[in-house]
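The structure appears below as C-alpha cells.
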Amino acid sequence: ARRWFAPFAVTLALVGSGLGVSACSSDRPDAGKEYTLTFALEAGSGPVVLRDIGADKERRYGQAQLASTGELAGEPVDIELLCIINYLDGNGPFDGFWTFTAANGDQLVLEYHGRAEQRDGVGYLSGSMKVLGGTGQYVGVVGNGTAVGSRDGTFGAKSVINYTLTLVLDRSEEHTSE
C-alpha cells in the first residue's frame, strides 16, 4: 500500500481548471528526489476572508483557501492551499499549509511560510515549505522545498496565482522497507 513514493511518477496535471502542470524529477544522492511542480490556483476556488484597514485601507489581512484538482503518480488528487496574510501595501508575511489528497483520502501536508512583495502591479511570493506529515501512503514522507509565485494586482477574491514548487522528498528510514 506504500507504492506512492517508490515511483513518485511525478505527473501533476490540473484537471477541470484547464491549467497545465509540468513536473520533473532528478535523483540527488543522499538528498532524496527533487520534484518541480508548476501550476496556477484561483483565489475564488474556496472561501476568502480579507479585511482592509488604515486611513487609505493600506493594510490587508485575512485568510484564503485556494483549491484545484490534479493527478499525482497516476492517481487523482485534490490540491489545497490554506493561507493567512498580513500585507501593508501588498507587502508582508504569509503562512499556510499545502495539502495533496488522494482519491482514497490519503494526504501529504506541507507547512508554508514566506513573504509577498508588490512591484509594478504584480505580487511576487516566495517562501519555504517543510513536510508536516501524511496519512496512508504518505506516512513517513519527509522533506522540504521552496515556492515562488506571482499574481497580477493585489491578493483578493479574483486573484490567480501562478506557482512553482520545488520539493526534495524522501521516505524516513523507519518507512523505507515498507
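Candidate cross-link partners of Lys57 among the lysines, defined by an alpha-carbon separation under 24 Å and a same-chain spacing of 8 or more, comprise Lys158. Across region 129-141, rounded Karplus estimates of 3J(HN,Hα) from the backbone phi angles (6.51 cos²θ - 1.76 cosθ + 1.60, θ = phi - 60°) give 9, 9, 4, 8, x, x, 10, x, 4, 9, 4, x, 6 Hz, Gly and Pro being marked x. For Thr69, the solvent-accessible surface with a 1.4 Å probe is about 50 Å², rounded to the nearest 10.
With all projection directions averaged, the alpha carbon convex hull of region 37-147 covers 7.3 nm². What accessible area, in Å² to the nearest ten, does a 1.4 Å probe give for Thr154? That residue has around 80 Å² of solvent-accessible surface.
The values are calculated or read from the model by the stated rules, or taken from the named source; none is laboratory data. Because the structure is a prediction, the values reported are computed rather than measured. Calculation scope for accessible area: heavy atoms of the full protein, side chains included, ligands and nucleic acids excluded. Shrake-Rupley method; radii C 1.70, N 1.55, O 1.52, S 1.80 Å.
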